[in-house]
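S.K.: Below you'll find the structure I mean.
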Amino acid sequence: MESAGSLPIVVASMLCAGFGSGVTITQAMNLMVMGVPDDRVGTFSGLNFVAKAVGATTGAQVVGGLLSTASGDVSQAPEWNHFVYVFSMGLVICMIAMACAFVGGRSFSKSYANAKVERALR
Amino acid sequence: MQHSIPDSQKTPDRRVALGACLAVTVGAVGVYKAIETLVSPALPIIQAELGATRSEITWVMTGVLLTGPLVTPLVSRLADIYDKRKLIMAIMMIVAIGTLVSSMSASMHVLIIGQLLQGFGLSLVPLAFGIMKDTQPAGFMKFGNSLMISAIYGSTAVGMLVAGPIADNYHYTYLFWAPFLMLLILICAAWKLLPPCPPKAKIRPSIDFKGLVLFAVALGSFLIGLTYAPEWGWGSTSFLSVCALSGCSLLAFVWAELTHKDPLVELRVLRSLSVTAGLILMTAAGYSINSFFVSVPMQVQQSLSTGYGLGATATLTGLILVPGVLIGVAAPIVTLVERYAGLAAASIMGPLIMGIGF
């Protein structure tokens with residue numbers, strides 16, 4: 001959770017955001033490639049970028065909505081609390097993604113291991 | 001592999017022709033990716049200039065991102081039916097018109113129309129990869145792919161760095177002139193240098209317009225609800241009605257996709273948990289990075305008297321946002337983590353680091 005008014009903390013959070021989203025996107029592509037037949041990888045890589053754009057539009061709009069709440073005056077600066085809502089919301093999204101990634105990663109590892117065992121038994 | 005550039009052409013000429021194809025496709029994607037983030041450091045300046053509310057101003061970014069997911073599956077399908085060279089030129093023309101509209105905007109509505117048109121640019125990514133696959137020999141493909149990925153991340157960073165000084169020293173409309181001129185050059189280059197890339201098979205898949213409309217209504221109504229929620233109230237009947245419309249359209253979309261012969265999006269593949277997890281991760285990455293790109297400029301450009309603002313200029317804001325495009329350096333690290341700690345650990349690492357960022 002970012003604290004108010006500190007340039008190093010803002011830069012550090014941007015570094016985490018950039019690096020974290022890089023890792024997330026790379027791993028999302030890996031999971032997708034592993035889960036679809038080889039001849040359909042192209043189509044589903046496109047679907048991945050559509051999902052990213054849907055997330056991006058929602059993210060921008062949710063932030064705009066949260067920062068506007070309770071401050072009808074355009075010239076008035078949003079209260080710090082509203083930024084805290086934005087960051088909390090982001091944190092919740094990341095936690096949900098972590099849970100799904102864990103389940104997805106484990107399920108693939110298991111099915112991959114099972115397939116290996118089946119091949120070995122044959 | 002279909003080599004539209006004849007193999008009989010002399011080697012140096014052929015190399016030049018291949019390089020020109022690559023330059024045009026990579027350039028088109030690079031310009032679009034720069035457009036996508038160009039406005040981020042200038043958001044508070046545009047808001048002040050046009051007297052928009054904070055939820056309205058986010059439409060300047062949302063506009064570019066909204067049309068992309070709607071148009072991209074359609075354009076990918078059209079690429080199976082028509083010549084990709086003609087399609088890439090048409091899409092670049094629409095994006096150029098969008099930048100021209102934005103550069104001449106004097107109101108929020110006109111600016112948002114321009115941004116919506118620029119959003120067609122997302123479909124340049126699959127088109128460019130398709131043209132590369134059709135025109136480049138197998139040995140060139142790896143180089144082409146890495147060049148494309150570098151262009152995507154490099155141009156995003158350049159867009160942010162350039163946007164700050166322009167927004168600080170000139171009117172915000174100047175932001176759109178450089179991409180407009182670059183697109184005009186790229187359209188001429190594509191017309192002159194790209195060979196025709198007709199579809200490989202003479203198939204005419206049907207286009208799922210019903211799915212497209214339902215997806216547009218679902219996403220559009222949800223985003224409109226989020227825009228006006230601060231005005232209507234988060235628990236108001238209007239907001240809940242719009243959310244209900246979005247939910248019903250989404251259900252109808254799912255039903256339409258499951259019953260269509262050539263669906264816009266093949267939803268059956270979501271049965272695979274790893275694919276579903278991949279899509280959720282991608283959505284979370286998009287959400288997180290954009291919530292930073294919108295909230296950080298709004299925070300750092302506030303005056304010091306607010307207690308949290310840094311009184312930053314748009315130039316400084318652009319510099320602060322650049323680490324947000326570190327995406328390109330992550331791939332080798334993921335491979336290492338996956339090798340030593342397993343797939344599940346590598347999968348949760350990204351959201352964990354993003355969460356620390358929040």
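The values are calculated or read from the model by the stated rules, or taken from the named source; none is laboratory data. All figures in this text were calculated on a predicted structure; none of them were measured in a lab. Neighbour counts run over all protein chains shown; Cβ positions are idealised from the backbone, glycine included.
S.K.: Any chance you could count how many residues in the stretch B:71-81 are within 14 Å of the chain's Cα centre (by Cα) and at the interface with another protein chain (Cβ under 9 Å from one of its Cβ atoms)?
M.R.: Residues meeting the conditions: 2.
S.K.: Search the stretch B:266-288 for residues being more than 16 Å from A:Gln27 (Cα to Cα) and among the aliphatic types (A, V, I, L, M), and hand back the single one that is nearest to the other protein chains (Cβ to nearest Cβ).
M.R.: Among them, the one singled out is B:Val269.
S.K.: Between B:Ala128, B:Ala163, B:Ala151, which is crowded, with 18+ Cβ neighbours inside 10 Å, at pLDDT below 80, in a helix (DSSP H, G or I) and out of contact with any Phe, Trp or Tyr (no Cβ under 8 Å at 6 or more places or on another chain)?
M.R.: When all the criteria are applied, what remains is B:Ala151.
S.K.: Give just the number: which of (1) touching a residue at least 12 places away in the same chain (Cβ under 8 Å); (2) surrounded by fewer than 20 Cβ atoms within 10 Å (Cβ to Cβ); (3) not aliphatic (A, V, I, L, M) does B:Thr317 not satisfy?
M.R.: (2) is the only condition that B:Thr317 fails.
S.K.: Does the stretch B:323-358 hold any residues that are surrounded by fewer than 18 Cβ atoms within 10 Å (Cβ to Cβ) and modelled with pLDDT of 80 or more, and which are they?
M.R.: The one that is surrounded by fewer than 18 Cβ atoms within 10 Å (Cβ to Cβ) and modelled with pLDDT of 80 or more: B:Ile356.
S.K.: Write out, first by first residue and then by second, each pair whose Cβ atoms fall under 9 Å of each other, whose residues are 6+ apart or on separate chains, and whose first residue, in the stretch B:334-358, is within 7 Å of chain A (Cβ to nearest Cβ) while the second is among the acidic types (Asp, Glu).
M.R.: Correct list of pairs: B:Ala346/B:Glu338; B:Ser347/B:Glu338; B:Gly357/A:Glu2; B:Phe358/A:Glu2.
S.K.: So if I check each of B:Ala218, B:Ala284, B:Ala201, B:Ala229, which one is under 25 Å from A:Met89 (Cα atoms) and either over 23 Å from the mean Cα position of the chain (by Cα) or modelled with pLDDT under 85 (or both)?
M.R.: Just a single option satisfies the conditions, and that option is B:Ala229.
S.K.: Filtering the stretch B:27-78 down to residues that are polar (S, T, N, Q) and closer than 13 Å to B:Leu124 by Cα, which residue is modelled with the lowest pLDDT?
M.R.: B:Ser76
S.K.: Which pairs do you get when a residue that is under 21 Å from B:Ala167 (Cβ atoms), found in the stretch B:79-105, comes within reach of a residue that is of a type in the set (Asp, Glu), reach meaning Cβ atoms under 6 angstrom, with the pair 6+ apart or on two chains?
M.R.: none
S.K.: Give just the number: which of (1) over 21 Å from B:Leu250 (Cβ atoms); (2) of a type in the set (Ser, Thr, Tyr); (3) surrounded by fewer than 24 Cβ atoms within 10 Å (Cβ to Cβ) does B:Thr276 not satisfy?
M.R.: If we test B:Thr276 against (1) over 21 Å from B:Leu250 (Cβ atoms); (2) of a type in the set (Ser, Thr, Tyr); (3) surrounded by fewer than 24 Cβ atoms within 10 Å (Cβ to Cβ), just (1) comes out false.
S.K.: So for the stretch B:98-107 (the condition being modelled with pLDDT of 90 or more, of a type in the set (A, V, I, L, M, F, W, C) and over 25 Å from B:Ala216 (Cα atoms)), does at least one residue qualify?
M.R.: Yes: one or more hits.
S.K.: Turning to a different aspect of this structure: Report the residue count in the stretch B:281-312 for those that are part of a helix (DSSP H, G or I), surrounded by 23 or more Cβ atoms within 10 Å (Cβ to Cβ) and not β-branched (Val, Ile, Thr).
M.R.: Number of matching residues: 15.
Results for (1) more than 21 Å from B:Leu304 (Cα to Cα); (2) modelled with pLDDT of 80 or more; (3) in contact with a Phe, Trp or Tyr (Cβ under 8 Å, 6 or more places away or on another chain), shown as yes or no for each residue.
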{"residue": "A:Lys52", "(1), (2), (3)": "yes, yes, no"}
{"residue": "A:Thr57", "(1), (2), (3)": "yes, yes, no"}
{"residue": "A:Ser71", "(1), (2), (3)": "no, no, no"}
{"residue": "A:His82", "(1), (2), (3)": "no, yes, no"}
{"residue": "A:Ser88", "(1), (2), (3)": "yes, yes, yes"}
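S.K.: Is there a residue in the stretch B:27-43 that is away from chain A (no Cβ under 11 Å), under 20 Å from B:Met182 (Cβ atoms), assigned to a helix (DSSP H, G or I) and basic (Lys, Arg)?
M.R.: Scanning the stretch B:27-43, I find at least one residue that is away from chain A (no Cβ under 11 Å), under 20 Å from B:Met182 (Cβ atoms), assigned to a helix (DSSP H, G or I) and basic (Lys, Arg), so the answer is yes.
S.K.: While we're looking at this one, here's another question. Tell me which of these B:Ser206 doesn't satisfy, since it passes every other one: (1) out of contact with any helix residue (DSSP H, G or I) (no Cβ under 7 Å at 6 or more places or on another chain); (2) surrounded by 15 or more Cβ atoms within 10 Å (Cβ to Cβ).
M.R.: Unmet for B:Ser206, out of (1) out of contact with any helix residue (DSSP H, G or I) (no Cβ under 7 Å at 6 or more places or on another chain); (2) surrounded by 15 or more Cβ atoms within 10 Å (Cβ to Cβ): (2).
S.K.: Still on this structure, I have one more. Can you name the condition, by its number, that B:Lys84 falls short on among (1) crowded, with 23+ Cβ neighbours inside 10 Å; (2) under 17 Å from the mean Cα position of the chain (by Cα); (3) at pLDDT 80 or above?
M.R.: It is condition (2) that B:Lys84 fails.
S.K.: Oh, and also: What are the residues in the stretch B:237-254 that are without any contact (Cβ under 8 Å) to a residue 24 or more places away in the chain and surrounded by 14 or more Cβ atoms within 10 Å (Cβ to Cβ), if any?
M.R.: B:Phe239, B:Leu240, B:Val242, B:Cys243, B:Cys248, B:Val254, listed by residue number.
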